[in-house]
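Structure record follows, encoded as structure tokens.
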Amino acid sequence: MSETAKFILNGETYEFPVTEGSENEKGIDISKLRGQSGYVTLDPGYKNTGATESGITFLDGEKGILSYRGYSIEELAEKSTFLEVAYLLIEGELPNKEQLESFNENIRKHTLVAEDMRKFYQAFPHHAHPMGVLGSLVNSLSSFYPESQDPNRGEDAVDLTIYRLIAKIPTLAAWSHKNAQRHPVVYPKNELNYSENFLQMMFSVPSEDYKIDPVVAKALDLLFILHADHEQNCSASTVRIVGSSQANLYTSISAGISALWGPLHGGANQAVIEMLEDIKNDGGDVTKYLDKAKDKNDPFRLMGFGHRVYKNFDPRARIIKKACDDVLDALGIDDPVLDIAKKLEAAALEDPYFVDRKLYPNVDFYSGIIYRAIGIPTEMFTVMFAIGRLPGWIAQWKEMIETKQPIGRPRQIYTGANARNYVELNKR
Ligand code: SDX
């Protein structure tokens with residue numbers, strides 16, 4: 001006998017099925033609640049509400065587990081590459097040699113963007129935040145590829161849009177950096193791998209090609225893997241709900257970029273470094289900042305700490321923290337901000353306020369230290385997150401389309417004025 005949930009409302013008993021996932025997560029299927037009882041549920045921030053069933057990414061917040069299509073993040077971080085993980089997330093299986101080579105070739109073929117797009121960059125002020133530039137430019141891709149408008153146009157058209165997005169986002173991102181520097185853009189070199197190509201577009205100048213450092217390229221590939229997907233987070237949910245209206249994939253991804261920009265989400269990696277810099281410039285007194293974070297009258301939050309799902313540790317933070325030491329050692333960099341980050345983490349993990357609220361470093365706490373070490377400017381940190389998260393957003397969108405999810409349209413509980421008649425202006 002399968003499990004059910006009984007609600008007693010207004011003396012009536014309603015019974016709803018309980019659904020169980022492949023990792024034994026359970027949910028009450030209330031899709032018939034309003035039709036049967038007239039009631040809706042209320043759950044601001046969807047803290048207790050599942051928006052969908054999904055087979056892409058599994059998180060266990062209590063055990064600190066993260067897996068993509070069943071493969072642990074630890075194994076993928078150690079053994080895979082970003083484009084192989086992108087294929088896994090989007091297609092559902094690890095590619096064989098031929099599939100991976102064909103995927104890589106399709107990405108390489110589309111790294112260039114239409115030369116007309118350079119005019120968009122010239123229209124932005126040089127101080128424009130690169131996330132705003134990237135979101136606009138990704139959205140404008142739908143204008144250059146009108147045939148991609150229809151998400152149901154067929155597998156080849158969807159695949160081509162997917163290749164174009166994954167191939168072009170590093171180019172668009174690097175060009176937003178060049179625009180901020182008022183430097184000429186650098187074109188992709190397709191003999192390089194994904195991370196190497198991005199780095200040379202970011203840092204080459206007409207007089208000198210960027211010298212690829214394998215340590216740096218590998219660290220970047222690792223960071224992209226660690227950011228690749230995270231189930232129904234704010235930006236992935238945004239991509240799914242925008243895509244559920246049958247808007248095209250480019251514009252759905254652009255909406256995800258907008259959601260990621262917020263400092264409570266992907267924008268936290270930039271906010272962490274700015275916070276650590278402030279602490280360093282203020283004498284390095286981490287206790288003072290922990291007290292600020294605990295003070296309800298102080299809007300200051302410990303950026304890079306806490307998570308909606310992870311209530312033990314964020315496995316990505318553990319991997320990145322170790323990579324920080326390895327990359328900075330390999331590059332011979334001694335960054336005092338890393339020492340402050342470690343001091344802050346150690347102090348917070350002994351502080352009852354953080355322990356009681358199960359607040360631990362999340363993916364954004366240490367990632368900025370590696371970005372800094374490899375020369376990425378702070379304002380570009382969230383753009384790096386977006387490049388890494390793109391395959392996850394695409395996989396989430398594709399699953400939503402292929403499972404024919406209805407348009408997302410939550411209900412509400414109205415608390416405004418009751419019915420009243422219009423009052424003429426001269427009588428108010
Ligand atoms: C990402 O969802 C994902 O998967 C996201 C992500 C992904 O890969 O897509 O993992 C990426 O967005 C990571 C999170 C990056 N954001 C930050 O680092 C910003 C700082 N952290 C927070 O603002 C907060 O922890 C959130 C937004 C991450 C989670 O917020 P919740 O789940 O809504 O928790 P909450 O705000 O209700 O906090 C619960 C309590 C509150 O205190 P009380 O009211 O119970 O007394 O914890 C406190 C909060 O004030 N709290 C913090 C805190 N985070 C939570 N107090 C101080 N500093 C913090 N960072």
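The values are calculated or read from the model by the stated rules, or taken from the named source; none is laboratory data. From a predicted model like this one, the values you see are computed outputs, not experimental measurements. Reconstructed Cβ throughout: ideal geometry from the backbone, glycine too, with neighbour counts over all protein chains shown. Areas reflect the complete protein model, heavy atoms only, side chains present, ligands, DNA and RNA absent. Shrake-Rupley method; radii C 1.70, N 1.55, O 1.52, S 1.80 Å.
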Review point. Can you give the Rg to Rh ratio for segment 284-345, taking only C-alpha atoms and Rh from Kirkwood?
Key: 1.03
Practice item. Run the 1.4 Å probe and let me know the accessible area of M117, rounded to the nearest 10 Å². Key: 0 Å²
Check your understanding: Long-range amide H contacts for H265: which residues qualify at under 5 Å (H placed 1.01 Å from N, peptide plane, sequence gap of 5 or more or a different chain)?
Key -> none
Check your understanding: Non-local amide H neighbours of G70 (under 5 Å, H modeled in plane, Pro and chain starts lacking H): which ones?
Key -> F58
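How big is the equivalent ellipsoid of segment 181-299 along its three axes, where each semi-axis is √(5λ) from the Cα gyration tensor, reported in whole Å from largest to smallest?
Working: eigenvalues 197, 139, 36 Å².
Each semi-axis is √(5λ); the values are 31, 26, 13 Å.
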Study note, to complete from the structure: Plugging the Cβ-Cβ distance of K311 and E274 into 1/(1 + (r/R0)^6) at R0 = 25 Å yields, to the nearest 0.05, a FRET efficiency of 0.45
Check your understanding: Toward the positive end of the charge dipole of the chain, about the Cα centre and with charges on Cβ (Lys, Arg +1; Asp, Glu -1), which of L137, G70, S102 goes farthest?
Key -> L137
Point to revise | Candidates Q36, Q396, Q181: whichever shows maximal mean-square fluctuation once the chain is modelled as a Gaussian network with Cα springs under 10 Å | key: Q36
Check your understanding: Simple spin-label model, 7 Å along Cα-to-Cβ: D339 to L100 in nm?
Key -> 4.1 nm
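Could you tell me what fraction of 2.2 N^0.38 Å the Cα radius of gyration of segment 58-177 comes to, as a two-decimal ratio?
Details: Rg = 17.1 Å, N = 120, 2.2 N^0.38 = 13.6 Å.
Scaled against compact globular proteins, the figure is 1.26.
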Check your understanding: Straight-line reach from K79: which lysines have Cα under 24 Å away, leaving out those fewer than 8 places along the same chain?
Key -> K63, K97, K218, K321, K322
Review point. Which peptide among 254-267, 291-304 comes first, and what is the full order, when sorted by highest mean count of other Cβ atoms within 10 Å?
Key: 254-267, 291-304
Exercise for review: In nm, give the distance between the simple-model label positions of H126 and F7, each being 7 Å from the Cα along the Cα-to-Cβ direction.
Suggested key: 5.8 nm
Check your understanding: Say R0 is 41 Å: what FRET efficiency, to the nearest 0.05, do E25 and I212 get from their beta-carbon distance?
Key -> 0.45
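Send over the per residue convex hull volume for the chain, Cα only, as a whole number of Å³.
221 Å³
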**Study point:** Size of segment 240-303 as Cα extents on the principal axes (Å, biggest first)
**Key:** 51, 23, 11
Check your understanding: Measuring with a 1.4 Å probe in the full set of protein chains, what accessible area per residue, in whole Å², belongs to segment 4-65?
Key -> 72 Å²
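How high is the relative contact order of segment 196-287? Use alpha-carbon pairs under 8 Å, at least six apart in sequence, and give a whole percent. Spell out each step's value before the answer.
Numbers: 46 pairs, mean separation 13.7, N = 92.
Contact order relative to length: 15 percent.
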Study note, to complete from the structure: Summing -39500 (n - 2.57) over every DSSP H run of at least 4 in the chain, dividing by its residue total and rounding to the nearest 500, the 222 nm mean residue ellipticity is -16000 deg cm²/dmol
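Whole-Å semi-axes of segment 4-65's equivalent ellipsoid, largest first, each the root of 5 times a Cα gyration tensor eigenvalue? Could you put the intermediate results ahead of the total?
Working: eigenvalues 137, 33, 22 Å².
Here the semi-axes work out to 26, 13, 11 Å.
Rounded to the nearest 20 debye, what is the charge dipole size of segment 147-204 about its Cα centre when +1 sits on each Lys and Arg Cβ and -1 on each Asp and Glu Cβ?
Working: 6 positive and 7 negative charges, 95 e Å.
It works out to roughly 460 debye.
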**Study point:** Amide H contacts under 5 Å for F305, placed H, 5+ residues apart
**Key:** N362
